[in-house]
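As structure tokens, the structure follows; a few thoughts come after it.
The values are calculated or read from the model by the stated rules, or taken from the named source; none is laboratory data. Here the structure is a predicted model, which means the values were calculated and not measured. Note that we place each Cβ from the backbone using ideal geometry, even for glycine, and neighbour counts take in every protein chain shown.
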Amino acid sequence: MTVDASAPAPGLVRLARWAPAVSGLALALVPLLGVVAATFARSGVRAAPGDLCGLVPAGLLGRLVPTPGAPQREPSRVDLARCMVSTDRPQPSAGYGALVLEVERHGGATLQSPADRAQDWYAGLKRTRLEGRGVKPQRVVDVPGLGDDAYVTTDEPSADRDGDPRGFAIATVLAGDTVLTVSYTAEPSTDALATAAAVSVARAVLGGVR
Amino acid sequence: MTRPAMTRRRAWTILTVHAGLVALAVVLAALLWLWTRPERVPAAPAGPVAELTADPFVSPR
């Protein structure tokens, strides 16, 4: 009796019969998952809050900006809000302060959620600042426990025309689909005090801008 | 009409080709995931950031 060497085992035949269905399903799942992800990710951008300066507690604002003028709100897009308040009539005994708040919302795009898009933008900006590609030399320091990620940027120490030291800091916070930027300038002051002030404002308003 | 009997060689050919297609699907899915995931946020040095306890002004020069 001879054995036919070319006759496959029954298990092998069963596998070979199912193989086209399995590979077809796997190949079809890839674009299907892509379409499902794109449908869920693509969503409209949320509106930025209207009154940003109003989110800063009055007591804190009074300490940072002595004798403040009227807040200036720039006409902006739905996804971008900016507000500035600064000392109107500087008093020699009180100092000068200027606070700028900015909120930018990000919308979803193909296969990327709004939070992913915000993270992309934020990460690129932070990388640029860390690599020192800004106009001025900058120091960048992380702020743990604020939003999803937060950092503070300060310039090299500088002074105003009278020689008084100027403190300047920018706190940038990523929170979901939102990037909050708080810029603060104070005279006479130091970068350390301006940093503490910018971070305090960011902490105070973050709940209202989420 | 009956199907011709499958030879061992043909069975292995079918299995190899379709295993390759499944691998291609896995690679495509991995590329799709890599393409869509957001950039990792780079870490900066963690510095001391004190809370503001008083006015942010120092005495004039």
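Yes/no matrix, rows are residues, columns are (1) in contact (Cβ under 8 Å) with a residue 60 or more places away in the chain; (2) under 30 Å from B:ARG37 (Cβ atoms); (3) part of a helix (DSSP H, G or I):
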| position | (1), (2), (3) |
| --- | --- |
| A:ARG14 | no, no, yes |
| A:ARG17 | no, no, yes |
| A:ALA26 | no, yes, yes |
| A:VAL30 | no, yes, yes |
| A:LEU33 | no, yes, yes |
| A:VAL36 | no, yes, yes |
| A:ALA47 | no, yes, no |
| A:PRO66 | no, no, no |
| A:LEU99 | yes, no, no |
Task: Selected residue (only one of A:PRO66, A:PRO8, A:PRO31 is in contact with a Phe, Trp or Tyr (Cβ under 9 Å, 6 or more places away or on another chain) and outside the structural domain of A:ALA171 (by TED's automatic domain parsing)) - done: A:PRO8
- [ ] Pull up region A:26-55, narrow it to residues that are more than 9 Å from chain B (Cβ to nearest Cβ), over 23 Å from A:SER113 (Cα atoms) and surrounded by fewer than 18 Cβ atoms within 10 Å (Cβ to Cβ), then point me to the one that is farthest from the chain's Cα centre (by Cα).
- [x] A:GLY54
Open item on the list: Return the residues of region A:171-198 that are at the interface with another protein chain (Cβ under 8 Å from one of its Cβ atoms), crowded, with 24+ Cβ neighbours inside 10 Å and β-branched (Val, Ile, Thr); say none if nothing qualifies.
Closed with: A:THR195
- [ ] Kindly establish whether A:ALA118 is assigned by TED's automatic domain parsing to the domain that holds A:ARG77 and within 19 Å of B:VAL58 (Cβ to Cβ).
- [x] no
Task: Selection status of A:GLY167, without any contact (Cβ under 8 Å) to a residue 40 or more places away in the chain, under 24 Å from A:CYS53 (Cα atoms) and crowded, with 18+ Cβ neighbours inside 10 Å - done: yes
Open item on the list: Being at the interface with another protein chain (Cβ under 7 Å from one of its Cβ atoms), in a loop (DSSP other than H, G, I, E, B), in contact with a strand residue (DSSP E or B) (Cβ under 9 Å, 6 or more places away or on another chain) and more than 30 Å from A:PRO114 (Cβ to Cβ) is true for just one of B:PRO38, B:PRO48, B:PRO56. Which residue is that?
Closed with: B:PRO56
Open item on the list: Among (1) within 16 Å of A:VAL173 (Cα to Cα); (2) at pLDDT below 90, there is one condition A:ASP120 misses while meeting the rest; what is its number?
Closed with: (2)
Open item on the list: For region B:1-24, check the following and say yes or no: at least one residue is under 34 Å from the mean Cα position of the chain (by Cα), within 7 Å of chain A (Cβ to nearest Cβ) and hydroxyl-bearing (Ser, Thr, Tyr).
Closed with: no
TODO: From A:ASP148, A:ASP160, A:ASP142, grab the single residue that is surrounded by fewer than 17 Cβ atoms within 10 Å (Cβ to Cβ), of a type in the set (Asp, Glu) and modelled with pLDDT of 90 or more.
DONE: A:ASP148
TODO: Residue by residue through region B:1-31, note down the ones that are among the aliphatic types (A, V, I, L, M) and modelled with pLDDT under 85.
DONE: B:MET1, B:ALA5, B:MET6
